[in-house]
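Scroll down for the structure; my scribbles are underneath it.
The values are calculated or read from the model by the stated rules, or taken from the named source; none is laboratory data. All values derive from a computational prediction rather than experimental measurement. Cβ: placed from backbone, ideal geometry, glycine included. Neighbour counts: every protein chain shown.
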Amino acid sequence: MSQYFGILGGMGTLATTNFLVEMNQRFHPESDQAYFNYVLFNHATVPDRTAFILDSTQPSPVAPLIDDLKRLEQLSVDFVVIPCNTAHYFFDQLQASTNLKLINMLDLVGEEVAKLPNQSLIGLCATKGTRQSGIYQSVVESNGGQLVLPNDELQDKITSLIYDNVKAKGRINLDLYEEILNDFLALGVSKILLGCTEVSYVNSHDPIKRFPIIDSEKLLVDETIRLGKITQNK
């Protein structure tokens, strides 16, 4: 299947839908035929990534994701994006399982951090799994920044925004979102890293966008568009 790329989504479905909306808003050609060709796997039944990171006795998401990559291999897509931050905890295992080119969202965040003044304080707004995994700790610190983790009270607010609002009810709670970002600013951070695509989903519906953020999903969207254009012109 030439001139196609793959999207490995469903983690969660609203976040994946938002990724598509953002991509199509940012790349909006003049005809139906000029849009990108891509294959979307909305694998909603992949076990919860955070649950497994916090408790390894829970079902692992790795095998189902590898199965999806094997199916994408059969379609010979040019590259694959995974619009889920927590799933990137397993990135090396996933990449080792396939010859397909997987785009690493963490690397894109690292490139953005490297543009900031040295030792900039960056708050992490993400799932408990992403926080505990340490995946963004090394990304931020290796690119000259300092990661500021939320305390338990702030993490509980973030978890509620992600799970109680977006995942459970499909609700965009802008009041809670702004409260969370203001709490980060009170910690003295210069940037707030949105390290969860559900939080990125809320950010997409923020009409003001006045906060100093690094949105991992939007970076992945931009890279997908860049590579999609290359694939389209092969």
Legend entry - Every pair of residues 6+ apart whose Cβ atoms lie under 6 Å, when the first sits in the range 171-187 and is in the same structural domain as residue 156 (by TED's automatic domain parsing) while the second is outside any helix (DSSP H, G or I) and loosely packed, with under 15 Cβ neighbours inside 10 Å: 172/205
Inset, instruction - Output the residues belonging to the range 114-151 that are touching a residue at least 60 places away in the same chain (Cβ under 8 Å), touching a helix residue (DSSP H, G or I) at 6+ places or on another chain (Cβ under 8 Å), outside any loop (DSSP other than H, G, I, E, B) and closer than 18 Å to residue 181 by Cα. - result: 122, 123, 124, 125, 128, 130
Legend entry - Candidates 41, 27 - the one that is of a type in the set (Phe, Trp, Tyr), surrounded by 15 or more Cβ atoms within 10 Å (Cβ to Cβ) and under 17 Å from the mean Cα position of the chain (by Cα): 41
Inset, instruction - Evaluate the following for residue 199: is it in contact with an Asp or Glu (Cβ under 8 Å, 6 or more places away or on another chain) and either of a type in the set (A, V, I, L, M, F, W, C) or not assigned by TED's automatic domain parsing to the domain that holds residue 124 (or both)? - result: no
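Let's see how each residue does on (1) free of Cβ contacts under 8 Å to residues at least 60 places away in the same chain; (2) in contact with a His (Cβ under 8 Å, 6 or more places away or on another chain); (3) under 16 Å from residue 217 (Cβ atoms):
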position	(1), (2), (3)
25	yes, no, yes
37	no, no, no
52	no, no, no
59	yes, no, no
